[in-house]
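Structure first, then comments.
The values are calculated or read from the model by the stated rules, or taken from the named source; none is laboratory data. Everything numeric in this text was worked out from a predicted model, so none of it was measured. Every residue, glycine as well, gets a Cβ built from its backbone with ideal geometry; the counts of neighbours run over all protein chains shown.
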C-alpha cells in the first residue's frame, strides 16, 4: 500500500500543481514544498518498515508475453527510491533561490522526474515496467533542461535525449527477444530462460543489456553526453541527475545484469572485463576531473568516477560488497547532490561556473564555507562519513574476491578523488579576498541553509551508523539461504507452469512464423 | 579495577570542546564584535585539561599489566565484516595518552598567547580540540578500522591547521600536499587491513584478536604471504603519517602552519602515530622479520638523509622539521631492531623536547615579528633570556647530553642497534654518525640564533620582546619534561615486548655522550666564525637544494609528471569521443538534407540518426542472435 502510494503520489501531485497559481509565487512554493516533502516522508516510513512489496498484477499480454506489474521495495531499490525523494525535496528547496525560474513548471517537471525515477527503482521484478520508467525519465529531465538550462541548452537537450534513448535501443530489443523466448517479463523466468540459450546468444544479449546501463551510468567510453548535459542543466536538476538518475544505470547493472547474467558472467569469466572497464572508467574520469575548470564538469567527472567504482564492485558477486555499494550510492547521492547544490549557490553569487573565478568564500561567507568544506571532505570519503563505509566495503571486496590488484587501482582512484576535491575546495574557499567584489550583501537564504542540514546529518549518521542500510541487505548468509530456499520452492511450484508456458510460447512462435 | 569512569569520557571532552568552539566560531561570524578571548580561551583549555585529568585517573588507578576494554557499539556489521566502536586501554595506550593530552593542554595554553588577536582565534582552538579528539581515538581504539578513523581525523586536522591562514594560497598548497601524501599512505593502511581480513576475517582487525591469532601460529605459507603483505602496507601507511622515506616531503612544507601547530601536530604527537602503530602491531612485525628489517633500513636512510638536510636549512622551523624527520627515523630504527618499548620511550622523551624547541622557536619568531630566517637572527641570548634558557635545555636534551631525557632513549636505541644481528655494529655506526650530525645542526641553530651579534635590521631589533607569561609557563613545564622524562619512564611501562640482552650500558652511554660533545664542540668552533650571509632571498641553492628536494623531485618524476601526461592524453581521448559523437550526429543530417541545410533543422537530423541507428541495431541483433 505504502509503496504504491510512493509511486503514484508524485504523479498525482504534479497534476495538482497544474492548478497552482504561477503568479502567487509564495503560495505555489508552499504547495510545491508539500508535494515534494510527502514522498520523502513516505519513503522514510517505508525504510523504517524495512521495505514492502506488492504482488504481481497482470498488466497486458502481447505476442504471448504475459506482462505483469509489481513493485519491489527492498535493499537497493528501497534505498535508491528514498534517495530520489530526498534529492528531489532538496532540489526543490535550493531552486527557490535560483534566478529566473518558473516555479510551477519546474515543480511539475521535477515531480514527474521524481516519479519516473522512483518507478524505475521499484521495478526490480518486471522488465517491461522497468523499461517504461527507464525511458520515461529522460523526457521530464529533457523538458526541465530545455526550460531552465544554460545558453547551449538546445544542443544539450538533443544530445542527452538521443544519446540515452539510442543507448537503450539494444536493451529494448534484447529484452524483447528474451521475453519472447520466456513468455513472461518476470526476472526469475527470464533468468531461467537465458540459461538454456546458446552461449553466443547469451553473450550478445549481455552486451545489448549492458550498453544501455553503461550509457546511463555513464561508463567510459559512453560518457560523452554527460559533460554538456550536466553543464547546461540547472544546478538542482544536475543534482538530481547525478544523485539519483545516474544511479538507475548502476541499479540496472545490479538487477538486470548481475541477476540475469550472473551465471554466464562467472562461467565465461566476462566479469573480469566488466571490472577492468569500470575501473578504467573510474581512473579516466578521476584524472579528467583533475583538470576541469568548469565546476559542473568537474562534479560530473567526479560522479562518474564514483559510480564506475560501484559498478566494478558489483562484479565481485559478493553480498557484503553489494551492501557496501548501496551505502556508497546513498553517500554519493548526498555528497554529489550537495556539491551541485552548493556550487549552484556560488554560481548565483559570482555569475561564473569557472572555479578560477571563485575565491576566499571562507573569509566572506564562513557558514557557507563550513558546509561546502564538510560536504567536500565527505566526498573524499574520510571515515565518519558515509562514503568511507561504502568504499571500505567495496575495496575489501576486491581483495576478498581474489582481485587484490584491483583494490590497488581503486586506491589510486581514491587518491585522485582527494586531489580534485582538495583542488576544488582550495579554489572555492581559500585565497585572497578579490578586490572590487560584490560580496558584502550575499549570504545563504533560509531555505538554502536549512536544506544543508539533512545532507550533513545523513552523511554523518550513515557514516557512524550504516546499520539501517546494511541491515536491509540482511546478514548475507541467512538471506542467501532464505532466498535460495524460496527460489527452490518457487522453482518447484513454477516448474510445471513454466514448462507449459514454454510449450505455449513455442507453439505461438511457430504459428507466427507460419503466418509470415 | 577501582575506577568507574567509562573510557569514552577521555575522547568525549575534546569532542565537546571542538563542537562548542566551532559553534561559537560560526555563530559569531555575523557579529562585528569578536568573541571575548578570555572566555573562549578558558573553554579551549578546559576540555583538554579534563581529558588529561581523566587519563591520569585511569593511569594511576591501573594495576600493572591490567587492560581495560570497552565496546560502545557496532559500526559496520555485515556478513564477514564486523567492526565495532571499541576502546582498549593498556600500558601502551596509557603512555601515549598521558603525553598526548598533557602536551596538548600545554600547547593550547601557549596558543592563547600566540594566536591572540587573530581573527580565527576561536576556529583555531576548535581545530586543536578536534585534533586532540582524533588523536585520542587513534591511540585508544581497539581495532585497526577505528584507529584508521583517528588516523584520517588527525590528517584532516593537520590539513585544516596547516592551511589555517588560508588567504595565502601557498599555505593552502602545503595543506593540500600534506593531505594528499598522507592519503597515499592511507591507501596502504586500507590495503593492509584487507590483507589481514583475508587471513582471519574482520575479527582479526581487533588488536587483541590479532595477537592471539598470531600467538596461535600461522597455518600455511599462503597466509604467511598475506601477513607479509599486510605488514608491508601498514608500514607504508606509517611512512606517510610519520614522514619517512618515501612519503616524507609533506612535513617540511607543513611548517606553513602556525607554530603551536608545528609543535603539537608535526613534532610531538601526530607524526609519532606511525611509531605507535608499529608498536601496537609489534607481534605482526615480529612475525614478519623481512618487513622489520625493511623498517630498519628505511629508518636509517631517513634519519641520515634528514640530518644532512637539517644542516643546510635557513628557516628556523625547517631545521626543526628535518630534525623531527630524523628523530622519527631513530624511533623506527628502534622498532626495526625489535625494541618497540625503546621506540615508544624515544617518542615520549622526544615529544617534550621537540615541543619545547618548537615553542621556543615560536617565541623567537613572535619576538622578531614573524622573521624565520636564522641568517637574520643572532645575539638573542641577552635579549630573550627566558626563551634562550628554554631552548638551551631542550637543545641539550635533543643532542643527547648525558643526564637529559633524550640521552636515555637515544642511548638505548644505539645499544639495541649494536646488538641487532651480525651487522648490528654497522647500523650502530650509521646511527652514531647521525647522532653526531644531530649535535652539529642543532648547535648550528643555537649559535646562529642566540650567540654572536644581531644581524637583522635596526627596526626589528628595537621591538624584540620576551613572550607573555601565558606562553612562557607551558614552555617551562615542557623543559621540566626535557629534564625528568627519562627518569619517570621506568615507572611507566610494562610492555610484554621481547627483551634482548644488555651490553655494558656504561660504555654506550660514554660513547654517545662523547659524540654529542664532539658535534657540539665542532659546531660551535665552526659556526662561531663562519656565519652564512643573508643572500637576499630565502631559497636554497646548489647542493642544499638538490639534497633537500630529492624526494620532491622523485615524487614529481614518478607521480605528478605521469599524471600530467595522462591528463593530456586522456583529454585528447575525451575530445576524440566527443567529436565522434558529434560527427555521428552530423553525418545522417548531411545525407538526409544535403549540404545546404547543414545549419538548419537539427532535430530532424537527430531523428533520422535515431531511425538509422535503430535499423542498424536491429540488423546487428538479428545477425548475432541467429
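Here is a list of conditions, (1) surrounded by fewer than 24 Cβ atoms within 10 Å (Cβ to Cβ); (2) within 12 Å of chain B (Cβ to nearest Cβ); (3) part of a helix (DSSP H, G or I), and residue A:205 meets all of them except one; can you say which number that is?
(1)
For segment B:196-208, give me each residue that is assigned to a helix (DSSP H, G or I) and either more than 7 Å from chain A (Cβ to nearest Cβ) or under 20 Å from the mean Cα position of the chain (by Cα) (or both).
As a first pass, look at segment B:196-208 and keep what is assigned to a helix (DSSP H, G or I): B:196-200, B:202-205, B:207-208.
Within segment B:196-208, B:196, B:199, B:200, B:202, B:203, B:204, B:205, B:207, B:208 qualify.
If you scan segment B:249-262, which residues turn out to be part of a loop (DSSP other than H, G, I, E, B), surrounded by 24 or more Cβ atoms within 10 Å (Cβ to Cβ) and either on the phi > 0 side of the Ramachandran plot or at pLDDT 90 or above (or both)? Quick ask: steps written out before the conclusion?
Start the filter on segment B:249-262 by keeping residues that are part of a loop (DSSP other than H, G, I, E, B), which leaves B:249, B:257-258.
Add one more test, that the residue is surrounded by 24 or more Cβ atoms within 10 Å (Cβ to Cβ), and what stays is B:257.
Within segment B:249-262, none qualify.
I'd like the full set of residues that are within 7 Å of chain A (Cβ to nearest Cβ), over 16 Å from residue B:128 (Cβ atoms) and either touching a residue at least 12 places away in the same chain (Cβ under 8 Å) or not in a helix (DSSP H, G or I) (or both), limited to segment B:141-179.
Hits for segment B:141-179 are B:148, B:149, B:152, B:166, B:167, B:176, B:179.
In the list A:130, A:173, A:106, which residue meets the criterion of being farther than 29 Å from residue A:54 by Cα and touching a helix residue (DSSP H, G or I) at 6+ places or on another chain (Cβ under 9 Å)?
On the way: A:130 fails: farther than 29 Å from residue A:54 by Cα; A:173 fails: farther than 29 Å from residue A:54 by Cα.
None of the other options fit; the residue is A:106.
Table: residues versus (1) crowded, with 24+ Cβ neighbours inside 10 Å; (2) modelled with pLDDT under 85; (3) under 24 Å from residue B:482 (Cα atoms).
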residue	(1), (2), (3)
B:334	yes, no, yes
B:350	yes, no, yes
B:357	yes, no, yes
B:369	no, yes, no
B:383	no, no, yes
B:397	yes, no, yes
B:421	no, yes, no
B:425	no, no, no
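Looking for something touching a helix residue (DSSP H, G or I) at 6+ places or on another chain (Cβ under 9 Å) and within 14 Å of chain A (Cβ to nearest Cβ) - is there at least one such residue anywhere in segment B:92-104? Spell out how you get there, then give the answer.
Kept after step one, since they are touching a helix residue (DSSP H, G or I) at 6+ places or on another chain (Cβ under 9 Å), are these residues of segment B:92-104: B:92-104.
Checking the rest, the ones that are also within 14 Å of chain A (Cβ to nearest Cβ) come to none.
Within segment B:92-104, none of the residues are touching a helix residue (DSSP H, G or I) at 6+ places or on another chain (Cβ under 9 Å) and within 14 Å of chain A (Cβ to nearest Cβ).
If you check residue A:236 against the conditions, is it over 20 Å from residue A:134 (Cβ atoms), surrounded by fewer than 22 Cβ atoms within 10 Å (Cβ to Cβ) and out of contact with any strand residue (DSSP E or B) (no Cβ under 9 Å at 6 or more places or on another chain)?
no
I need every pair where a residue in segment B:69-81 that is within 11 Å of another protein chain (Cβ to nearest Cβ) has its Cβ under 6 Å from the Cβ of a residue that is part of a strand (DSSP E or B) and surrounded by 15 or more Cβ atoms within 10 Å (Cβ to Cβ), sequence separation at least 6 or different chains.
B:72/B:85; B:73/B:85; B:74/B:84; B:75/B:83; B:75/B:84; B:75/B:85; B:76/B:83
Of the conditions (1) assigned to a helix (DSSP H, G or I); (2) more than 10 Å from chain B (Cβ to nearest Cβ), residue A:151 clears all except one; give me its number.
Unmet condition: (1).
Pairs please, first residue from segment A:202-220 and free of Cβ contacts under 8 Å to residues at least 40 places away in the same chain, second anywhere and part of a helix (DSSP H, G or I) and buried (at least 23 other Cβ atoms within 10 Å of the Cβ), Cβ atoms under 7 Å, 6+ apart in sequence or on different chains.
A:208/A:170; A:208/A:171; A:208/A:174
Restricting to segment A:125-148, and then to whatever is surrounded by 20 or more Cβ atoms within 10 Å (Cβ to Cβ) and within 14 Å of chain B (Cβ to nearest Cβ), can you tell me which residue is farthest from residue A:204 (Cα to Cα)?
Once the filter is applied, the top-ranked residue is A:142.
In segment A:154-166, which residue that is more than 10 Å from chain B (Cβ to nearest Cβ) and within 19 Å of the chain's Cα centre (by Cα) is nearest to residue A:225 (Cα to Cα)? Let's see the steps before the verdict.
Of segment A:154-166, the ones more than 10 Å from chain B (Cβ to nearest Cβ) are A:156, A:160, A:164.
Within this subset, residues satisfying the condition of being within 19 Å of the chain's Cα centre (by Cα) are A:160, A:164.
Values: A:160: 6, A:164: 8 Å.
Across segment A:154-166, the extreme among qualifying residues is A:160.
Of the residues A:276, A:295, which single one is in contact with a strand residue (DSSP E or B) (Cβ under 8 Å, 6 or more places away or on another chain), modelled with pLDDT of 90 or more and either within 14 Å of another protein chain (Cβ to nearest Cβ) or within 26 Å of residue A:412 (Cα to Cα) (or both)? Please lay out each step first, then the result.
On the way: A:276 fails: in contact with a strand residue (DSSP E or B) (Cβ under 8 Å, 6 or more places away or on another chain).
Of the residues listed, the single one that is in contact with a strand residue (DSSP E or B) (Cβ under 8 Å, 6 or more places away or on another chain), modelled with pLDDT of 90 or more and either within 14 Å of another protein chain (Cβ to nearest Cβ) or within 26 Å of residue A:412 (Cα to Cα) (or both) is A:295.
Can you pull out every residue in segment A:311-329 that is under 17 Å from residue B:82 (Cα atoms) and not in a helix (DSSP H, G or I)?
A:318, the sole residue that qualifies.
Based on this model, can you work out whether residue A:433 counts as within 11 Å of another protein chain (Cβ to nearest Cβ) and assigned to a helix (DSSP H, G or I)? Write out each step before concluding.
On the way: within 11 Å of another protein chain (Cβ to nearest Cβ): yes; assigned to a helix (DSSP H, G or I): no.
Here the answer is no, as residue A:433 does not meet what is asked.
For segment A:252-259, does any single residue satisfy the condition of being touching a helix residue (DSSP H, G or I) at 6+ places or on another chain (Cβ under 8 Å), buried (at least 23 other Cβ atoms within 10 Å of the Cβ), within 11 Å of another protein chain (Cβ to nearest Cβ) and modelled with pLDDT of 90 or more?
Looking through segment A:252-259, none of the residues is touching a helix residue (DSSP H, G or I) at 6+ places or on another chain (Cβ under 8 Å), buried (at least 23 other Cβ atoms within 10 Å of the Cβ), within 11 Å of another protein chain (Cβ to nearest Cβ) and modelled with pLDDT of 90 or more.
Would you call residue A:290 outside the structural domain of residue A:244 (by TED's automatic domain parsing), at negative phi and surrounded by fewer than 24 Cβ atoms within 10 Å (Cβ to Cβ)? I'd like the intermediate steps shown before the answer.
On the way: outside the structural domain of residue A:244 (by TED's automatic domain parsing): yes; at negative phi: yes; surrounded by fewer than 24 Cβ atoms within 10 Å (Cβ to Cβ): yes.
It is true that residue A:290 is outside the structural domain of residue A:244 (by TED's automatic domain parsing), at negative phi and surrounded by fewer than 24 Cβ atoms within 10 Å (Cβ to Cβ).
Among the candidates A:383, A:404, A:366, A:434, single out the residue that is more than 27 Å from the chain's Cα centre (by Cα) and within 23 Å of residue A:324 (Cβ to Cβ). Reasoning before the result, please.
Values: A:383 fails: more than 27 Å from the chain's Cα centre (by Cα); A:366 fails: within 23 Å of residue A:324 (Cβ to Cβ); A:434 fails: within 23 Å of residue A:324 (Cβ to Cβ).
Answer to the selection: A:404.
Filter segment B:82-105 for residues that are within 30 Å of residue A:466 (Cα to Cα) and touching a residue at least 40 places away in the same chain (Cβ under 8 Å) and give the result. Reasoning before the result, please.
Residues of segment B:82-105 within 30 Å of residue A:466 (Cα to Cα): B:82-90, B:93, B:97.
Correct list: B:82, B:83, B:84, B:85, B:86, B:87, B:88, B:89, B:93, B:97.
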